[in-house]
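Take a look at the structure set out below.
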Amino acid sequence: MSSEPILTLTNVAKSFGGLQVLSDVNFELKPGEILGLVGPNGSGKTSVINLISGVHQPEAGSIRFDGAEIQRLTPHARVKLGINRSFQVPKCFISMSVRENIEVAAHFSGHNADIPAILDDIGLTGMEATPAASLTANQQKMLDLGRALATGPKLLLVDEIGAGLNPAELTGIADLLKRIAARGISMIVVEHLMEFLNKLTSRVIVLSAGKIIFEGSLEDASHDPEVVTAFFGGAA
Amino acid sequence: SAPSVIKIGTLYAGSGNFAVASQAQYKGLQFWAKRVNAEGGVYVKAFNKKIPVKIVAYDDQSSTSTATTLYNQLITQDKVDLVVSDFGSVLTSVAIPLAKEHKMLLIDPTGSSAGFFKEKTDYLADVSIPSSAVWPMPLAKFLEQEHIKKIGIIYGSNDFDGSQADTLKAEFKKIGVTPVFDHAVPTGERNYTVLLHSAAAAHPQALIELGYLPNDVAFLKSLKSSGLHFPFVFTIFPGQFKQLMEKNVGADALKYTYSYPAPPMIKYEKVNLGMNTDQFVTAWGKTHKGAEPNFVNAGGYNAGILMAKAMGTSPKFTQLGMHQALLDMSGKITTVVGAYKLSPTGAQLGQRLPIAQFQPQKDGSLKTVVVYPDSHKTGNAIYPSPAG
Amino acid sequence: MRESWFKRARAGLITAAVLALVFSLAPNVYNNSSLLFMMMTYIVLSQGLNLLYGFTGYLPFGYVGFFGTGAYATALLVMKLHLPIGLAIAAGPIASMIVALVLGPLLRLSGAYFSIANLAASQILFIVIGNPNLQDITGGPYGVKIDEVYNPTASYAAMVVLVVVVTLIATFFRRSRFGQGLKAMADDPVSAEMSAIPVVRMRLLAWLTSAAVAGLAGALYAWNLSVFYPDAVFTLEISVFAIVFALFGGVGTVLGPIIGAGLLYALYNAIGISEPQYFQLIYGVLIVGLVMFLPEGILSLLTRRGINVF
Amino acid sequence: MQALLEYAIVGGVLYGIFFGLVAVGLNLIFGVMRIINLAHGEFVILGGFGAYWVSHSLGLNPLWGLPLAALGAVVIGFPLYYAVVPGLQRSRDPEMLSFILFFGLAQIIDAIISLGFGPDQRSLPDEALGGGTISVLGQAFPDSWWVAAGVSVLAILGLWLYLTRTRLGFATRAIMANRDEAYATGISVDKVSAIAFIIGLALAGAAGVFVPYLQGSVGPGIGNSLTTTSFAILIIGSLGNPVGTLFGGLVFGVGSMLMQTFYASWSDLVPYVLLVVIVLVRPQGLFGKAVRHA
Amino acid sequence: MSALLEVDKVEAGYGAVQVLWGCDMVVNKGETVLLLGVNGAGKTTLLRTLVGLQPCRGGTIRLAGEDVTGLGPDARIRRGMAYMSELGVFPTLSIAENLRLGAYGSSNAEARTRAEAMYEMFPALAPKRRHAAGSLSGGQRKMLGLAKALMSGAEMIFMDEPSSGLAPVFVSQVIETLKGVIGGGTSLLIAEQNIAFLELADRGYLMDHGKMAVSGTRAELESSDAVRRAYFGVGAEG
Ligand SMILES: Nc1ncnc2c1ncn2[C@@H]1O[C@H](COP(=O)(O)OP(=O)(O)OP(=O)(O)O)[C@@H](O)[C@H]1O
Ligand SMILES: Nc1ncnc2c1ncn2[C@@H]1O[C@H](COP(=O)(O)OP(=O)(O)OP(=O)(O)O)[C@@H](O)[C@H]1O
Ligand SMILES: [Mg+2]
Ligand SMILES: [Mg+2]
């Protein structure tokens, strides 16, 4: 595995209707690495994922993936290059069954996905025929992840998949993400639950009000006064 | 052998754009049927006896696609003996190829589009109103006679109004007149206020509005409420539906307006087929609770008597035979709607409508004064019309 | 495992064959061929609309615009350039696809905004084509007349072929990955992009296909009618009927629009012929009643019992 | 030229305000219940015939058609709402289903009007609304236009106040924004929607009272074009916002009148071209708010 | 202590699928009850049924002794219930309007004071009060939803995962806030997965496949094997 970064963001900026949501975002991701992305609510984490996955276009800066600039590409083109994501608010194909949700992604990405294995990963084995509409919110999030896995990603962007799960379930997800990473898939994981992140990675980036205020180990972050005030609060 | 009943197929519009006129035409046809049946039916020469008539009618809702299937239904399922088309060019248009295909003579009371009559045919006869290519001739002549040269025209974007405007403009051109104001408006136009203002800015001596009935209502109402005044205003429908227009726009808005007066407003006393105008009005009143018939009622009735005459003279009871009979009558007959003159292409060239003006009387009523041509003239035009 | 190509298409092939048979033989039993022709036209239009609405969720309120464009393209090529009718008919769908391409940006809109913008677009086409200023090009309000090529038998046969073709296209939409991708886009376009579905391109493809179907239907209609005014091929009634028929049968399926159009159009005529005086009233009451008692369309009678409708 | 321009603009403003009223009821019903009321134009016409009846049979001023429209909206709207709307809402795709249902309803109303009043147009006497003219910028317009525009502004303003200043109105907007959440907030969704439905019909009927003045006459066949124009206007202004609809009406009115002054035969194009251009530039309409998708 | 909410053998579901199978539950006045259960156990469904958003197919629900089973959500909320859904806000209305709707039954003055308290509690919302709720980030929406529920001033508030998706700094704030609410005598029924909420609870229920598997005081729950299994996983840290 080369140590060339698989993903590089350089001076990325984004605003919505006059509100500067991200400014001067710079970071790199090595192949196979898991990066934690944390920050208070509304700090811009989802926006970073939206920019990398192509849901939104950056106003400035560049995004390089696997050696090529991608910020002009459509989202589906980026999926074909190997970028995929889950959504904070689940977005399944609700008129389809669980299985179809995954099949569709596998087919269009041209990836020869092992669907039973994916169903097993996301804990929906036995529910192949269930309509996605009748899954719980958390199950839908898992299905979202399954859909992403079915495209054979090299970089997976995971947006708050642990929200609303109990510790036992969180442990299960952490194990799953580790297994996925072990297949050589790089990951950016957005999460608020520190114990959960701690199981996955030691490197985090902390966003606050659209700027990176910290980059380093999780341990150091929890001692950084700026991070503590912005993110952990008194509970740190 | 002789059929027990002669089936006449027709369509009418129970709703939609053409409902008013279409139902009027249908009533006229029904009126005729009732009368012949009261006399034991229509005399058919081929069988040398009277046979009762039966009208088979469907509602096309003013829709051409519905009309297509229903014409076909009349021809192929009901196997009617004659087809009478629905009112107007739009609902007649789809029947023309069908009639030709099935070799049926299409009796066309009111489909007057010049486009229908381009080539010779045995299967089309416009019987009750003149082809729109000749309809406006008297108006052009009258304006020429009165030396009115500054003319404004507002017309609807449809075949009926458009071809009249074209004919009119072509006639003007011959005498070197170009309209000072010339605008087509959408057929659905119901708001003439602003348009009237623009027209006034061109200071025409005469303003001619060519539209359908609702257009004329809206136009005259807008004119009245705008406070504008033109020395000469012409619209089509007051001459055909005077009562309705008086009710709708008020006598006040109609005064001094010019129109084509149609029977029963003008009278054809000497007819050689069917009733004359007075008889028609009286008879109609008897069967319709005293109501006065309008022009389209007369048109429907007229279609009936011409068909009857064709059946009564054609030696063979065939479509071609009846068409020939209709052609043979051309130029020899005058009916309640005037002289009848059929061209080989099926166009109606007789029955030109005169020009009349609605002149207010002392008691506030409006008198229809025919001002052109001289043969029908009952008074002089008041031109320019007094303001206020 | 996915079934073979033939297995997936079987239901469609059977449906198409049945339709072809029924409409080829029907004129022998019931020779009001205009009615049968119109019924096929509405089956085609409802199905064409279904291709777009049933699979992408975009309801083209102005679907008649493509129909009218096809009709006019054909009629004008015959009238002005005296093209042979076959060529002129081929131009119908091409013209409507060109219009669809120009209107492509409307697909950026969603829901009601799309429907009504599309309606506006069809009105624009109508007003432009029927405008007296363009009389020399389009015939304007005077309409068109191509009765020299009038051929009810041949145009009827062509419409039977079109019914078959459209049924097969719908089968493809219903049973292929392409159609599944369209449904995914309808559910959630962002997620669809994340499934590597080229959303914009596929939506445009569905749009063009649907437009071409209407254009071809219009071309054949023009041929069958041969004398008509702009109104006859641009009236909104055609859109509304196609939508009502398709929805009534059940969109997103192949059979729904066929059954919906066949049944409601037959009823429409049955009432019109048997009860002309109260035509509109009865038809209205019937439609309201059907919706209230069968709110999910005819096919819901089956789906409610868990039967997967083709 | 100058005078013509001024005349077209003043006329367009009056006409446009009136069309704001024609469209606003549709907006309310569509915004709250997601019902595509294809019978909207027919309800407008019913209002027109109501005014005609009041004026011809009862000999009253046609303006009595306004309270009659309100009364009619309650009498028709209340049972109609409970007969069809809750059922529609329970179905899988209420928006589309309403399309068919209200198409059928439009047929019924059209038929009833035709059977009851016959197919011809009816007009109302000008004198009833003044019969004179009022001038602004030296441009005279009939009294009836001013009355129509005045009533329209008041009605739309009233609706706006209702939606923004009253509890019921606020609840109405909440239902437009998210029906499920409205239930969860304790709003009596059915009651509030029924009221909105009735108000929507009443506004349509009220607009109908003036149709004979601004359109010359009222007849059974014009429902379709009123419905489509209304849809165009409400989308120009954006869903759910009565002030937006008023603005949409103004854009339509002034646009049409200017076009009529200079290129009369193309004036029909105005609402449609405006609509297409506006939604392509601002996909949520002039007054709409965008929301995020991821 | 008297029972405020009594749930007796409640059954509910979606279409052909039954989800709740005879749930019994009591919430006393001023009490905070935690509702636990794995993904898909039926917590959300139960809360929706209690507030009337989901039809109750069997059993009874009583609020302060009155049978409310047959009432619609509006009537129940008028009687003193409030519900915070998992994700719901009014996306096209502004933050301020969303809050005002939270206090739908209250007077303007009251709503204003409460809203100010909410902006203080959730400072992230204050600068956006005129913005559409639809533009908020996931966590901001959650805050708004919570604030909306608290605006009601209801006696009995149901909360569906109030802390999920919130940054730690806000989670602790929410807990502090809720302590204040509880102090004011409000009863809470909270479906929540964050262990930190255990410190708020007087009692709790564990749901499993639509049934009440375990119930008891906080201490009892903490020591229940079933809870430990479901909540922390077998052999996981305690
Ligand atoms: N709209 C629906 N239609 C059909 N089934 C549904 C629907 N919503 C939920 N279900 C089913 O009901 C069951 C209970 O779901 P519910 O949302 O109540 O669980 P939950 O305990 O809240 O889970 P979570 O922790 O994921 O929020 C699940 O099996 C789910 O699949
Ligand atoms: N499409 C949009 N329109 C308007 N504002 C937006 C949009 N997308 C994001 N924002 C704003 O940008 C800011 C950052 O949002 P983002 O969703 O990236 O936050 P986040 O860090 O993911 O928060 P959370 O942890 O709550 O999910 C927020 O203030 C949000 O309101
Ligand atoms: Mg986020
Ligand atoms: Mg839940």
Open item on the list: Checking the conditions here, which among E:Ala167, E:Ala133, E:Ala196 is away from ligand 2 (no atom under 12 Å from the Cβ) and either over 15 Å from the mean Cα position of the chain (by Cα) or of a type outside the set (Phe, Trp, Tyr) (or both)?
Closed with: E:Ala196
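Could you grab me the full set of residues in the stretch E:15-36 that are without any contact (Cβ under 8 Å) to a residue 24 or more places away in the chain and part of a strand (DSSP E or B)?
Start the filter on the stretch E:15-36 by keeping residues that are without any contact (Cβ under 8 Å) to a residue 24 or more places away in the chain, which leaves E:15-17, E:26.
Within the stretch E:15-36, E:Val17, E:Val26 qualify.
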TODO: Answer with yes or no whether B:Glu246 is on the phi < 0 side of the Ramachandran plot, in contact (Cβ under 8 Å) with a residue 12 or more places away in the chain and either touching a Cys at 6+ places or on another chain (Cβ under 9 Å) or among the acidic types (Asp, Glu) (or both).
DONE: yes
- [ ] Of all residues in the stretch B:124-156, count the ones that are at pLDDT 90 or above and within 14 Å of another protein chain (Cβ to nearest Cβ).
- [x] 6
Task: Qualifying positions in the stretch E:98-131 - over 20 Å from A:Gly42 (Cα atoms) and hydrophobic (A, V, I, L, M, F, W, C) - done: E:Leu101, E:Ala103, E:Ala109, E:Ala111, E:Ala115, E:Ala117
Task: Whichever residue in the stretch A:49-96 is touching a Pro at 6+ places or on another chain (Cβ under 9 Å) and among the β-branched types (Val, Ile, Thr) and, among such residues, is nearest to ligand 4 (Cβ to nearest atom) - done: A:Ile94
- [ ] Just name the residue that is farthest from E:Asp74 (Cα to Cα) out of those in the stretch E:100-120 that are facing another protein chain (nearest Cβ under 10 Å) and not small (Gly, Ala, Ser).
- [x] E:Asn108
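Conditions tested, residue by residue: (1) farther than 27 Å from D:Thr166 by Cα; (2) of a type in the set (Ser, Thr, Tyr); (3) within 15 Å of ligand 3 (Cβ to nearest atom).
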residue	(1), (2), (3)
E:Asn98	no, no, no
E:Tyr104	no, yes, no
E:Glu110	no, no, no
E:Thr113	no, yes, no
E:Arg129	no, no, no
E:Ser137	yes, yes, yes
E:Gln140	yes, no, yes
E:Met143	no, no, yes
E:Met151	no, no, no
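With D:Ser114, D:Ser135, D:Ser123 as the choices, which residue is at the interface with chain C (Cβ under 10 Å from one of its Cβ atoms) and at pLDDT below 90?
Numbers: D:Ser135 fails: at the interface with chain C (Cβ under 10 Å from one of its Cβ atoms); D:Ser123 fails: at the interface with chain C (Cβ under 10 Å from one of its Cβ atoms).
Matching residue, one of D:Ser114, D:Ser135, D:Ser123: D:Ser114.
Being within 20 Å of the chain's Cα centre (by Cα), in contact (Cβ under 8 Å) with a residue 60 or more places away in the chain, in a helix (DSSP H, G or I) and within 14 Å of chain B (Cβ to nearest Cβ) is true for just one of D:Gly216, D:Gly249. Which residue is that?
On the way: D:Gly216 fails: in a helix (DSSP H, G or I).
After applying the criteria, what remains is D:Gly249.
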Open item on the list: Name the residue that is farthest from ligand 1 (Cβ to nearest atom), counting only residues in the stretch E:137-161 that are more than 10 Å from every other protein chain (Cβ to nearest Cβ) and not in a helix (DSSP H, G or I).
Closed with: E:Gly153
- [ ] Output the residues belonging to the stretch B:224-246 that are surrounded by fewer than 24 Cβ atoms within 10 Å (Cβ to Cβ), assigned to a loop (DSSP other than H, G, I, E, B) and within 11 Å of chain D (Cβ to nearest Cβ).
- [x] B:Gly227, B:Leu228
- [ ] Starting from residues that are within 7 Å of another protein chain (Cβ to nearest Cβ) and either of a type in the set (A, V, I, L, M, F, W, C) or closer than 15 Å to C:Arg108 by Cβ (or both), keep the ones in the stretch C:162-198 and report whichever is farthest from the chain's Cα centre (by Cα).
- [x] C:Met194
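Find the helices (runs of 4 or more DSSP H) located wholly in the stretch A:66-177 whose residues include 1 or more that are over 25 Å from C:Thr56 (Cβ atoms), and list them.
On the way: elements: A:75-81, A:98-109, A:115-121, A:137-149.
Filter on the stretch A:66-177 gives A:75-81, A:115-121, A:137-149.
Considering only residues that are of a type in the set (Val, Ile, Thr), in contact with a Leu (Cβ under 7 Å, 6 or more places away or on another chain) and over 22 Å from C:Asp231 (Cβ atoms), which ones fall in the stretch B:53-74? Please lay out each step first, then the result.
Initial filter on the stretch B:53-74 (of a type in the set (Val, Ile, Thr)): B:53, B:55-56, B:64, B:66, B:68-69.
Still in the list and also in contact with a Leu (Cβ under 7 Å, 6 or more places away or on another chain): B:55-56, B:64, B:68-69.
Selection gives B:Ile55, B:Val56.
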Task: Meets criteria (of a type in the set (S, T, N, Q), within 19 Å of D:Ser265 (Cβ to Cβ) and buried (at least 24 other Cβ atoms within 10 Å of the Cβ)) for B:Thr187 - done: no
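I'd like to know if the stretch C:209-217 contains one or more residues that are more than 14 Å from chain A (Cβ to nearest Cβ), closer than 26 Å to C:Gly130 by Cβ and not in a helix (DSSP H, G or I).
Within the stretch C:209-217, none of the residues are more than 14 Å from chain A (Cβ to nearest Cβ), closer than 26 Å to C:Gly130 by Cβ and not in a helix (DSSP H, G or I).
Identify all residues within the stretch B:173-200 that are facing another protein chain (nearest Cβ under 7 Å) and under 25 Å from D:Gln139 (Cα atoms); write none if there are none. Don't jump to the end; show me each part of the working.
Here is the first cut: in the stretch B:173-200, the ones facing another protein chain (nearest Cβ under 7 Å) are B:183-186, B:188, B:190-191, B:193-195, B:197-198.
Once the filter is applied, which keeps residues that are facing another protein chain (nearest Cβ under 7 Å) and under 25 Å from D:Gln139 (Cα atoms), the stretch B:173-200 yields B:His183, B:Ala184, B:Val185, B:Pro186, B:Arg190, B:Asn191, B:Thr193, B:Val194, B:Leu195, B:His197, B:Ser198.
Any residue that is over 28 Å from B:Ser163 (Cα atoms) and without any contact (Cβ under 8 Å) to a residue 24 or more places away in the chain - is there at least one of those in the stretch B:71-90?
Here is the first cut: in the stretch B:71-90, the ones over 28 Å from B:Ser163 (Cα atoms) are B:72-82.
Then keep just the ones that are without any contact (Cβ under 8 Å) to a residue 24 or more places away in the chain; that gives B:73, B:77.
Checked the stretch B:71-90: at least one residue is over 28 Å from B:Ser163 (Cα atoms) and without any contact (Cβ under 8 Å) to a residue 24 or more places away in the chain.
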- [ ] Answer yes or no: is there a residue in the stretch A:76-91 that is within 16 Å of ligand 3 (Cβ to nearest atom), more than 7 Å from every other protein chain (Cβ to nearest Cβ) and in contact with a strand residue (DSSP E or B) (Cβ under 8 Å, 6 or more places away or on another chain).
- [x] yes
Open item on the list: Tell me whether the stretch E:116-125 contains one or more residues that are more than 16 Å from ligand 2 (Cβ to nearest atom) and surrounded by 22 or more Cβ atoms within 10 Å (Cβ to Cβ).
Closed with: yes
- [ ] Name the one entry in C:Gly54, C:Gly62 that is crowded, with 22+ Cβ neighbours inside 10 Å and within 20 Å of C:Val199 (Cα to Cα).
- [x] C:Gly54
Open item on the list: Which count do you get for residues in the stretch E:79-89 that are facing chain D (nearest Cβ under 10 Å) and either within 16 Å of ligand 1 (Cβ to nearest atom) or over 21 Å from E:Thr45 (Cα atoms) (or both)?
Closed with: 5
- [ ] Consider D:Ser135 carefully, then state whether it is surrounded by fewer than 22 Cβ atoms within 10 Å (Cβ to Cβ) and of a type in the set (S, T, N, Q).
- [x] yes
TODO: Please find, among A:Thr151, A:Thr171, A:Thr125, the residue that is at pLDDT 95 or above and either in contact with a strand residue (DSSP E or B) (Cβ under 7 Å, 6 or more places away or on another chain) or at negative phi (or both).
DONE: A:Thr151
Open item on the list: For the condition more than 14 Å from chain E (Cβ to nearest Cβ) and assigned to a helix (DSSP H, G or I), what is the one hit in D:Ile175, D:Ile156?
Closed with: D:Ile156
Open item on the list: Being within 14 Å of chain D (Cβ to nearest Cβ), of a type outside the set (Asp, Glu) and in contact (Cβ under 8 Å) with a residue 24 or more places away in the chain is true for just one of C:Ala88, C:Ala121. Which residue is that?
Closed with: C:Ala121
Open item on the list: Looking at (1) under 18 Å from the mean Cα position of the chain (by Cα); (2) more than 14 Å from every other protein chain (Cβ to nearest Cβ), which one does E:Gly58 not meet, given that it meets all the others?
Closed with: (1)
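The values are calculated or read from the model by the stated rules, or taken from the named source; none is laboratory data. Only a predicted model underlies this, so the values are computations on that prediction, with no experimental measurement involved. Here Cβ is always computed from backbone atoms with ideal geometry, including for glycine, and neighbour counts include all displayed protein chains.
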